[in-house]
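The values are calculated or read from the model by the stated rules, or taken from the named source; none is laboratory data. What you see is a predicted model, and the numbers here were worked out from it, not measured in a lab. Please note: Cβ atoms are built from the backbone with ideal geometry, for glycine as well, and neighbour counts cover all protein chains shown.
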Amino acid sequence: MFSTNLVEGDMPRDTNDLLHGTLDLLVLKAISWQPTHGYGISKWIEQRTQDELQIVDSALYKCLHRLEDRRAIATEWGLSDNNRRAKYYSLTARGRQMLRAETATWQRYVAAVSGVLETA
Amino acid sequence: MLRELDDEMQSHLEMRIDEFRALGLSEAEAGAEALRRFGDTDEFRAYAARRAARQTRLHGAREWLGELLQDIHFARRQFQKAPGFTLIAVLTLALGIGANTAIFSVVHRLLLAPLPYPNGNRIVMPMQEDARGLRASVDSQVIHAWQARGQSIDMMAGASIGNFDVRADGTVDSLPFALVTSNYLQVLGVQPALGRAFTPEEERSGELVAMIGYELWQRAHGGRDNVLGSTVRFDEKTYTVVGVTPRGLGVPMSQDAPPDIWMPLPKGAGVGTPGVFARLRRGVSAEDASRELQAIAASLPDPGQPGLHVRAMRAQDFLDAREARMVQVLFVAVGALLLIACANVANLLLARAWTRRREFAVRVALGAGRWRLARQVLTESVLLALAGGILGVVVAWQTLRIIIALRPPALEHLADVHIEPAVLLWSAVISVTTGILFGCAPALYAGARTVGEALRSETRTGSAGVVSRWARSALIVLEIAMSLVLLVGAGLLVRSFVELQRMPLGFEPRGLVAVEVILGLPRNRDRRLALRDAIMERLRSVPGVTRIAVGMIPGKGYMGGGLETESDGVGAVTRAQALGTSFISPNYFHVAGIAVLEGHVPDSSASTEAWKTGRMALSPQVVVNRDLARRLWPNGGAIGSRVRTPADPDEKNSVKPWATVVGVVDDIHMPGLRGEARTLQVYSLIHPRLGDVVFLVRTSIPGTAAAPAIHRAITSIDRSLLVRPALSGEVYLHDSLAPTRFAMALLTAFAIIALLLSAAGLYGVIAYSVTQRTREIGVRVALGAEPNAVRRLVMGRALRLAAAGILAGSVAAAASTRVLASLLYGVSPADPLTFSMIALLVATIALLASYVPARRALRIDPIEALRAD
């Protein structure tokens with residue numbers, strides 16, 4: 001389920017060694033409330049993780065393209081808060097379904113790994 | 001695509017810069033930081049370009065596919081609107097393509113790839129021929145020299161076939177077997193279906209191992225693995241089965257069914273029929289190999305019989321010239337059938353393009369490009385062709401089944417013919433090419449017309465486009481002409497078949513029954529003679545039996561024995577291979593009804609004395625048939641000349657004694673008699689100790705009805721006697737007519753289909769022209785034209801077309817039926833009766849085809865017709 005590829009980019013930060021699937025999950029979650037542009041998604045993840053996770057921008061956009069190709073998200077041009085033209089991403093029905101499934105998998109995975117770590 | 005991404009990145013970077021500026025960085029610092037946060041920009045740019053390119057491609061393909069789907073959808077609607085047209089077009093094509101594929105499969109099997117093995121086209125059989133074209137057996141020293149020094153060949157294998165008896169309940173059936181060298185499968189390039197082939201060690205040491213044929217494995221062992229390790233009894237020895245040969249594996253150049261049992265060829269045994277095979281090195285032709293092998297044979301210190309030429313025979317070379325011709329004729333015939341089918345469909349499409357001109361004009365007016373319209377018509381044609389092609393494969397499959405069921409015994413190996421992948425490809429190419437060909441004309445027509453032209457001609461429903469009308473008339477004339485050629489060919493074959501059944505055969509097959517009895521158990525000579533006499537005596541009392549002799553049904557003697565002749569009494573010997581030997585009783589010719597032309601038939605008293613050699617050797621006095629006498633002694637003097645069977649090369653002191661020719665008898669002419677082993681015959685008195693005796697019985701009971709009583713009469717003498725299934729003269733005659741019947745049936749079927757297609761085409765054209773001329777006819781009727789005049793108007797055109805077709809077809813037929821000459825008997829390729837009957841038939845069919853449209857023309861109501869526009 002989780003590929004072992006690391007997030008691309010040359011930022012030498014531990015927190016960026018995120019698994020692909022994890023990034024997909026975070027992005028889906030970020031736009032699940034309301035349509036958001038790329039910068040907004042990046043900010044959302046930083047805030048929610050108290051700056052623990054900083055995503056390289058190019059990796060984020062590749063992730064968005066990937067999800068778009070899988071028809072999990074739809075795009076639309078709009079105006080940002082400070083009146084800049086920006087591309088907004090929102091979840092499709094398929095994306096919502098994917099988010100639910102991936103969340104459940106993630107929770108099982110975390111539970112399993114924690115279980116191992118606790119007994120160790 | 002790329003542009004949009006650029007915009008997005010631009011706005012993203014600006015938002016980042018705003019963020020860093022808000023944190024107090026300078027413009028430059030904020031910019032640098034934003035870029036740092038972005039990651040590898042070069043890499044991202046390359047990625048973006050790749051992605052954009054992929055999306056453009058996808059988009060293009062999607063658009064193209066969309067248009068195609070639209071075309072297909074539209075074509076389907078068109079087909080639904082005209083179901084009759086669609087059905088006729090598809091069926092017509094299916095018949096043409098199907099027949100073509102089936103016949104091409106047969107041609108492929110017989111002529112292009114007669115040996116269905118990976119190395120099939122590299123297998124040759126080196127033979128030696130003398131100046132008279134008689135084949136001589138190849139010496140083992142020559143074979144060894146070829147094997148050691150031949151550069152044009154890379155491997156040699158030997159195979160000898162025979163039949164071995166399986167006995168049950170007093171009857172004997174025979175299973176074909178083969179003795180082969182251990183490299184046999186390797187030379188052909190095949191693998192055992194199960195287990196393994198023999199090893200060279202097993203071949204050398206004479207190990208008792210066997211492989212069984214795939215068919216026997218399926219039949220008797222249900223295809224189970226436990227056949228390996230089981231045993232087979234053959235010639236008093238027990239063989240262990242080590243493998244199963246691949247499906248359909250036979251022996252090249254043999255016409256017989258695939259062997260059921262395969263055993264190693266014993267070392268030192270001379271290779272029997274068919275003999276030695278060589279695999280040509282890649283890229284070497286049979287002619288080159290012949291030259292090299294000839295040079296090697298000639299360089300040997302003892303070249304053997306002088307004047308022999310080596311010929312590396314390919315499987316194709318063994319196909320009887322008449323059979324090859326038959327296959328070629330059928331191939332041309334189905335080609336013509338396909339052409340007729342295509343012409344018919346082209347005609348239909350042309351007619352439709354004309355009726356659809358309003359639709360096209362409207363579409364052009366609405367902005368459809370010409371290319372788009374042409375593409376639409378082309379799509380329809382290709383779809384029709386594909387549907388015809390797919391249905392054609394079904395037709396081909398059925399046709400092949402019929403061909404296999406009807407195959408003559410001489411083409412026994414046709415049993416495994418199937419639709420080859422190559423043939424499927426051929427079929428696909430034909431159907432698509434056909435689609436493009438006949439799609440072309442209407443497509444150009446649709447494309448070339450301008451809106452103005454189309455709409456202008458729309459206002460008057462006068463005569464159709466002159467070019468179109470002309471083209472369609474030409475197509476019909478062509479169809480009728482080709483049908484006529486096919487019909488004349490079929491007619492000639494039918495007449496020739498009738499003549500063949502009246503052909504003098506040289507003997508009287510009706511009422512003859514032959515039964516082979518195996519006297520069994522080693523018995524002494526007197527016991528065997530007594531048993532033979534007892535059987536003859538008992539058979540005389542069977543109801544219906546009038547005369548009894550010993551000997552096979554004429555033309556069915558033992559095959560392949562060689563014969564040496566003494567040339568001019570000076571001790572020189574010439575040898576001929578492949579002729580038949582029949583072992584007979586003195587009254588054989590009388591019972592069979594064969595005329596003695598010269599000399600006399602030896603009587604048994606003359607032979608008992610000096611006759612000490614082997615059972616298969618000739619009696620001291622023999623009879624030959626006229627053809628053999630002419631071949632061996634072209635200047636006459638057969639009577640008194642001496643002949644003998646060749647010595648066994650592997651046995652010392654086995655030189656056979658000379659036999660004197662005392663009589664010459666008439667030849668046997670059987671329609672299916674092929675090969676010198678059948679037409680050249682030596683008749684020898686039967687050796688008293690020969691254990692297998694064939695009794696030839698003449699009865700007044702037709703067919704095989706007398707066989708059971710004969711069988712019972714024989715086994716009532718001694719229950720240990722084994723009797724092979726009886727062969728009746730009628731069945732033999734029927735089988736020998738089979739190749740001609742086969743060709744005749746197929747060609748007739750094709751010709752009739754062709755005629756029906758042409759009739760349908762003619763009907764279509766005439767019916768269409770009546771529709772076109774509704775208005776004109778209406779005017780004529782309104783002006784008081786007689787019904788006869790209207791009928792003449794309509795049918796006159798049909799008859800003019802038919803007459804042109806018949807004329808062109810007769811000329812073409814006269815020029816082409818000569819290729820049939822070798823298939824004909826008793827009828828000339830230019831037979832006037834056949835030609836005139838067929839012309840009359842075609843004219844009648846043309847009249848019938850135009851009769852229905854003519855009647856419709858008569859029913860035209862002038863008022864309706866004039867109001868129509």
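Candidates are the residues of region B:774-796 that are free of Cβ contacts under 8 Å to residues at least 40 places away in the same chain and among the basic types (Lys, Arg); the one that is surrounded by the fewest Cβ atoms within 10 Å (Cβ to Cβ) is B:Arg792.
The condition of being modelled with pLDDT of 85 or more, surrounded by fewer than 16 Cβ atoms within 10 Å (Cβ to Cβ) and aliphatic (A, V, I, L, M) does not hold for B:Ala530. Every condition in (1) under 30 Å from B:Pro853 (Cα atoms); (2) without any contact (Cβ under 8 Å) to a residue 12 or more places away in the chain holds for B:His734 except the one numbered (1). Please work out if B:Arg818 is surrounded by 15 or more Cβ atoms within 10 Å (Cβ to Cβ) and either of a type outside the set (A, V, I, L, M, F, W, C) or closer than 19 Å to B:Gly489 by Cα (or both). No, not satisfied. Could you list, in sequence order, the residues of region B:797-813 that are over 14 Å from B:Thr844 (Cβ atoms) and β-branched (Val, Ile, Thr)? Correct list: B:Val811 only. Residues in region B:640-667 that are part of a loop (DSSP other than H, G, I, E, B), at pLDDT 85 or above and surrounded by 18 or more Cβ atoms within 10 Å (Cβ to Cβ): B:Ser641, B:Asp666, B:Asp667.
Restricting region B:435-450 to residues that are touching a Leu at 6+ places or on another chain (Cβ under 7 Å) and buried (at least 21 other Cβ atoms within 10 Å of the Cβ), which is modelled with the lowest pLDDT? Ranking the qualifying residues of region B:435-450, first place goes to B:Ala446. The set of residues in region B:32-73 that are within 14 Å of chain A (Cβ to nearest Cβ) and in contact with a helix residue (DSSP H, G or I) (Cβ under 6 Å, 6 or more places away or on another chain) comprises B:Glu33, B:Ala34, B:Arg37, B:Phe38, B:Gly39, B:Phe44, B:Ala48, B:Ala52.
From the list B:Leu801, B:Leu756, the one residue that fits, being of a type in the set (A, V, I, L, M), closer than 24 Å to B:Val334 by Cα and buried (at least 18 other Cβ atoms within 10 Å of the Cβ), is B:Leu801. Inside region B:496-527, residues that are modelled with pLDDT under 80, within 30 Å of B:Ala830 (Cβ to Cβ) and charged (D, E, K, R) make up a count of 1.
Taking every residue in region B:3-26 that is within 7 Å of another protein chain (Cβ to nearest Cβ) and crowded, with 17+ Cβ neighbours inside 10 Å and pairing it with any residue that is of a type in the set (A, V, I, L, M, F, W, C) and in a helix (DSSP H, G or I), at least 6 positions away or on another chain, the pairs with Cβ-Cβ distances below 7 Å are B:Arg16/B:Ala34. If you go through region B:617-630 and pick out every residue that is assigned to a helix (DSSP H, G or I) and surrounded by 20 or more Cβ atoms within 10 Å (Cβ to Cβ), you end up with 2.
Within the option set B:Val90, B:Val106, being buried (at least 20 other Cβ atoms within 10 Å of the Cβ) and closer than 19 Å to B:Thr433 by Cα holds for one residue only, B:Val90.
Residues checked against (1) surrounded by fewer than 21 Cβ atoms within 10 Å (Cβ to Cβ); (2) within 30 Å of B:Leu492 (Cβ to Cβ); (3) in contact with a strand residue (DSSP E or B) (Cβ under 6 Å, 6 or more places away or on another chain):
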site: B:Arg689; (1), (2), (3): yes, no, no
site: B:Asp692; (1), (2), (3): yes, no, yes
site: B:Phe695; (1), (2), (3): no, no, yes
site: B:Thr715; (1), (2), (3): yes, no, no
site: B:Asp718; (1), (2), (3): yes, no, no
site: B:Pro725; (1), (2), (3): yes, no, no
site: B:Glu730; (1), (2), (3): yes, yes, no
site: B:His734; (1), (2), (3): yes, yes, no
site: B:Thr740; (1), (2), (3): no, yes, no
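When you scan region B:715-732, do you find a residue that is assigned to a helix (DSSP H, G or I) and farther than 30 Å from B:Ala821 by Cβ, even just one? There is at least one residue in region B:715-732 that is assigned to a helix (DSSP H, G or I) and farther than 30 Å from B:Ala821 by Cβ.
For every residue, the table says whether it meets (1) surrounded by fewer than 24 Cβ atoms within 10 Å (Cβ to Cβ); (2) farther than 30 Å from B:Ile535 by Cβ.
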| position | (1), (2) |
| --- | --- |
| B:Ala474 | yes, yes |
| B:Ser483 | no, yes |
| B:Leu492 | no, yes |
| B:Arg510 | yes, no |
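For region A:64-95, the candidate set comprises residues that are modelled with pLDDT of 85 or more, surrounded by 13 or more Cβ atoms within 10 Å (Cβ to Cβ) and of a type in the set (Lys, Arg); within that set, the residue that is nearest to B:Glu8 (Cα to Cα) is A:Lys87. With respect to the conditions (1) closer than 26 Å to B:Lys267 by Cβ; (2) touching a Pro at 6+ places or on another chain (Cβ under 7 Å), B:Arg233 falls short on a single one, namely (2).
For (1) surrounded by fewer than 21 Cβ atoms within 10 Å (Cβ to Cβ); (2) of a type outside the set (A, V, I, L, M, F, W, C), each residue gets a yes or a no:
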site	(1), (2)
B:Pro192	yes, yes
B:Phe198	no, no
B:Ser205	yes, yes
B:Leu208	yes, no
B:Gln218	yes, yes
B:Pro266	yes, yes
B:Ala278	no, no
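Highlighted here are the helices (runs of 4 or more DSSP H) found entirely within region A:27-120 that include at least 2 residues which are within 13 Å of chain B (Cβ to nearest Cβ) and either farther than 30 Å from B:Thr56 by Cα or touching a strand residue (DSSP E or B) at 6+ places or on another chain (Cβ under 7 Å) (or both): A:38-48, A:57-69. Only helices (runs of 4 or more DSSP H) whose full extent lies in region B:733-841 are considered here, and the ones with at least 2 residues that are touching a Leu at 6+ places or on another chain (Cβ under 6 Å) are B:738-772, B:787-816.
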